[in-house]
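A quick write-up on the structure given underneath.
A short reminder: the numbers here are calculations on the coordinates, not readings from a lab. These numbers come from a predicted model, not from an experiment. Positions of Cβ are backbone-derived with ideal geometry, glycine not excepted, and every protein chain shown enters the neighbour counts.
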Amino acid sequence: MLRPDRFIASCASWGEFWEGTKRLSSTGEKGAVFERLTQLYLQTVPEYQSELAHIWTLREVPPNVRKLLVRVGGMVSYDLNQPGAVDANFSGERRLTLAADGGRPLYVSSASIDPTTGAVSAAESRRSTEFGRVVSRVSDLRGYGGQLTFGLSPDVFRFRTRQSLFASLNYTLQSSRRQYRGFDGAGFGDPRVVEWAPSQNDARHVLVMTGGLRGDKLGVLTLFARAQSGLPFTPVVQGDVNGDGRAYDRAFIPNPAVETDAALKPSWSRQPPCCDRWCMRRMDRHGSGNCMRTR
């Protein structure tokens, strides 16, 4: 078995060292020699001596730890020309304001609201009443995100078992945000206004586990498991509230203590506790709390 210290000490010059490495039988032996040579160099340079005093040398690392590979990776992105939608037949003329609904603007008059069902006709919000929604696809939105990944897996060259087992564990911390318009859904105010919000797939924590068994006659059996935190969502109203012709507008959470409609009061007992912090406020886009994500 090759001993790197003895090999280095036997070389009287760099030329002899270079010729000696050519006679080594494997890449592993060459790597061990150059690794030890680097350690010796760092230990002789004064600026590294104080730092190396707090670092394990290779022989001090526990054998079980030597067999594990730790990987750290990161990624940052800034996205341009993201897709969106604009209603080309939307006039944008505000006609009413719902003060009891967080100051939500209405783009139709009270004559366009059915007094029985509350359904809203969007005809008054159109530039031309001969057409309904005229959706124009655009790509002028932006977004950004980043993630940090930590991986742990055995070194296949040092960790070997009779059963040929293999496994890995990866944890990712990530965050992403992008721009939206009310025309993209879940609008509240002017649907033409661009706002920043978390992305639909903004899962903050992701844990991935992989394991398997390799056999000469059985092939490879791989097991895969993934766990992640909940995805954000936006509580919405089923119909069109502001009269822009786009259904599922963003919800406004009123105060149950001042609710006068007896038919609505029983429904407040079924709301998640985290809705209390949104009381008398409009919901943020993709701003639901953790307790709402799990329901």
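Kirkwood analysis of region 68-164, using all unique Cα-Cα pairs, places the hydrodynamic radius at 19.2 Å. Ranking of 133, 104 by neighbouring Cβ atoms within 10 Å, starting from the fewest: 133, 104. Placing dummy labels 7 Å off each Cα toward the beta-carbon, the span from residue 131 to residue 196 is 3.4 nm.
Normalised by 2.2 N^0.38 Å, where N counts its residues, the alpha-carbon radius of gyration of region 95-247 equals 1.72. Fully extending the segment from residue 9 to residue 164, taken as 0.36 nm per residue of separation minus the present Cα-Cα distance, adds 52.0 nm.
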